[in-house]
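One structure below.
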Amino acid sequence: MGFTDTVGKAFMILAFARSFVSKETQMPLTKDSEFKSQPRIDKRTFLAVLSEADSFGSPLWNGVADPESAASAIYDLIVVGGHDPAVWLAICGREHSFGTNPNSVLHRNDTRSWTNARTIRLPGLPGTQVHDPVRDSKYVKYNTVVDSVRDGVFRIDDPEFEYQHRGAKTIGEVISIWTESESNAYTNFIVTRVSEWSARSSDGEQDGTRDDHGVPIRVDIIPQGNPNRPGLEMQPRFITVHETANPRRGANADMHRRFVNDGGGSGKVSWHFTVDNQQIVQHLPLTENGWHAGDGFNGVGNRQSIGIELCVNEDGNFDRTIDNAAWIIRRLMADHGIPAERVVQHNHWSGKDCPTNLRRGGRWDRLKARLTEPQRGLAGNGTSRQGGARLFPETGHTIMMGFQAFWEANGGIRVFGFPMTDEFTALDSGKTTQVFERYMLEWDPDAPPEWQVRGRFVVPPPDYRDIVPESVLAASALGRKLEPAIPG
């Protein structure tokens, strides 16, 4: 996830989770406070704590081209996972003083680990085990620190792992499993540090915009205990699109934020995002279900789909709202590996005439086409749509245009992995090509539209020097470590 606040407007990179620090999260913290929470600190404070500790010059960030941009990405991936960046920041401080402790496992073994993990839990995540001679124990060496945080968040939420098996919810409960030998001291450290940092954070939002229009994403999670926040665990497999059916002036995303925060009316309804022409508001963590699909307590729509409401207020701009919705849907598809055929209407689950406006005049078909439509890359029309790029600080490479659309629509990180090069003209085929961790994509302008962007499968695995120009290879992640892009 690339981000404008540190990389710069030259790329206009996506910032998925603009963080909203609510008064609820600024209540006094104790060991009985929830481990998972909406952000208790804003991104500015998160980055400032790391900077003040001289973390960005430490080996924690080895393998990362821009540590501050990677830290921004870490903040966002924690928030999107429904976790609190402040708690994870405290864990980093406790484990190795934000990477600055010279006597740590991190320093001795270049583990690039936020958490000092001993095993990998996230399926398919690259990494190796190293043996630390001082502690006489094995630890994971990750490719980057971003991978380690991604693995850590998954570990807490993994239904097959200890935290969920034992129903650990509070800071004290989670940390007692994390480190039984010093859980009290560890918990007290987290509570103290998070409380200090929360006091530094302003009650507001941080820099970060979406790529095209600069629309903010505000995170304001429905309070726990509300009747419309069931809190049932969810692993999203679908995205369900709704309309609010409220054309009144002022019936925008902020009005609906207040509506769900106040209990969701007599129906006790809730969903994950509300989109209008000016902003996107997140109401629920993506690991929890909402009541929005009308297919019952155990319905797939209610229990396995991300609910998105589009505002139809007469003083808004519905075309712009659709544009914003298309962007967030594509983003969610990429992050959760959801294919376009699982982006469905509310009507799919309950038969209700919703989303009403999208169901008329061909608007739904046009929206669905935008989710998978290939767009030309460098070899197409020679132009780059401003903001049509996404930088990955993990490798320092960018995806854009047709390759970005294909990557996001067909599984994203889970399927392709990170980009290992930027786009280039392949030496052997003459086609615009890009190498990812597990696949190679190429663009063929002479193919039918649906096949212009396609995977290039090469057996046996290629010698990249036969395909990638030397100048590209030298500047690539492949240039640092030559590995097959396709497992052989």
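The values are calculated or read from the model by the stated rules, or taken from the named source; none is laboratory data. Values in this document were obtained by computation on a predicted structure and should not be read as measured data. Positions of Cβ are generated from backbone atoms using ideal geometry, with glycine treated the same way; all protein chains shown enter the neighbour counts.
Things worth noting here:
- Cβ pairs under 7 Å, 6+ apart, first in the range 35-59 and at positive phi, second surrounded by fewer than 20 Cβ atoms within 10 Å (Cβ to Cβ): Asp54/Thr100
- Top-ranked residue of the range 247-261 - restricted to ones that are within 21 Å of Leu284 (Cα to Cα) and in contact (Cβ under 8 Å) with a residue 60 or more places away in the chain, ranked as farthest from the chain's Cα centre (by Cα): Ala251
- Number of positions in the range 214-228 that are out of contact with any Leu (no Cβ under 7 Å at 6 or more places or on another chain), within 25 Å of Arg330 (Cα to Cα) and assigned to a loop (DSSP other than H, G, I, E, B): 4
- Number of the exception - Ser305 against (1) at pLDDT below 95; (2) buried (at least 24 other Cβ atoms within 10 Å of the Cβ): (1)
- Members of the range 431-460 that are part of a loop (DSSP other than H, G, I, E, B), modelled with pLDDT of 80 or more and more than 27 Å from the chain's Cα centre (by Cα): Lys431
- Sole residue being under 19 Å from Gly63 (Cβ atoms), in the same structural domain as Trp61 (by TED's automatic domain parsing) and surrounded by fewer than 22 Cβ atoms within 10 Å (Cβ to Cβ), chosen from Thr170, Thr128, Thr179: Thr128
- Filtered by the rule that a residue be small (Gly, Ala, Ser), within 16 Å of Val312 (Cβ to Cβ) and surrounded by fewer than 23 Cβ atoms within 10 Å (Cβ to Cβ), the range 211-262 gives Ala245, Gly250, Ala251.
- Among the residues listed as Ala117, Ala86, the single one being part of a helix (DSSP H, G or I) and of a type in the set (A, V, I, L, M, F, W, C): Ala86
- Flag if Thr321 is β-branched (Val, Ile, Thr), in contact with an Asp or Glu (Cβ under 8 Å, 6 or more places away or on another chain), in the same structural domain as Arg229 (by TED's automatic domain parsing) and in a helix (DSSP H, G or I): yes
- The sole residue among His336, His346 that is surrounded by 18 or more Cβ atoms within 10 Å (Cβ to Cβ) and at pLDDT 80 or above is His346.
- Among (1) of a type in the set (Ser, Thr, Tyr); (2) closer than 20 Å to Thr395 by Cβ; (3) surrounded by 20 or more Cβ atoms within 10 Å (Cβ to Cβ), the one test that Ser55 misses: (2)
- Subset of the range 86-125 that is at positive phi and either in contact (Cβ under 8 Å) with a residue 40 or more places away in the chain or not assigned by TED's automatic domain parsing to the domain that holds Phe161 (or both) - its residue that is surrounded by the most Cβ atoms within 10 Å (Cβ to Cβ): Gly99
- Enumeration of residues in the range 137-167 that are free of Cβ contacts under 8 Å to residues at least 24 places away in the same chain, part of a helix (DSSP H, G or I) and either surrounded by 16 or more Cβ atoms within 10 Å (Cβ to Cβ) or under 22 Å from the mean Cα position of the chain (by Cα) (or both): Tyr163
- Top-ranked residue of the range 390-403 - restricted to ones that are within 24 Å of Val149 (Cα to Cα) and not in a loop (DSSP other than H, G, I, E, B), ranked as modelled with the highest pLDDT: Ile399
- Residue match in the range 279-290 (condition: part of a loop (DSSP other than H, G, I, E, B) and without any contact (Cβ under 8 Å) to a residue 12 or more places away in the chain): no
- Applying the set (1) at pLDDT 90 or above; (2) touching an Asp or Glu at 6+ places or on another chain (Cβ under 8 Å) to Trp178 leaves exactly one unmet item: (2).
- Under the condition of being closer than 16 Å to Leu371 by Cα, buried (at least 22 other Cβ atoms within 10 Å of the Cβ) and over 17 Å from the mean Cα position of the chain (by Cα), the residues counted in the range 308-321 number 1.
- Complete set of residues in the range 214-238 that are among the polar types (S, T, N, Q) and either within 20 Å of Phe154 (Cβ to Cβ) or in contact (Cβ under 8 Å) with a residue 60 or more places away in the chain (or both): Gln224, Asn228, Gln235
- Qualifying positions in the range 229-255 - part of a helix (DSSP H, G or I) and in contact with a Phe, Trp or Tyr (Cβ under 9 Å, 6 or more places away or on another chain): Ala253
- The single condition among (1) in a helix (DSSP H, G or I); (2) modelled with pLDDT under 95 that Val134 does not meet is (1).
- Taking the criterion of being in contact with a Ser or Thr (Cβ under 6 Å, 6 or more places away or on another chain) and surrounded by 24 or more Cβ atoms within 10 Å (Cβ to Cβ), the only residue of the range 292-302 that qualifies is Ala293.
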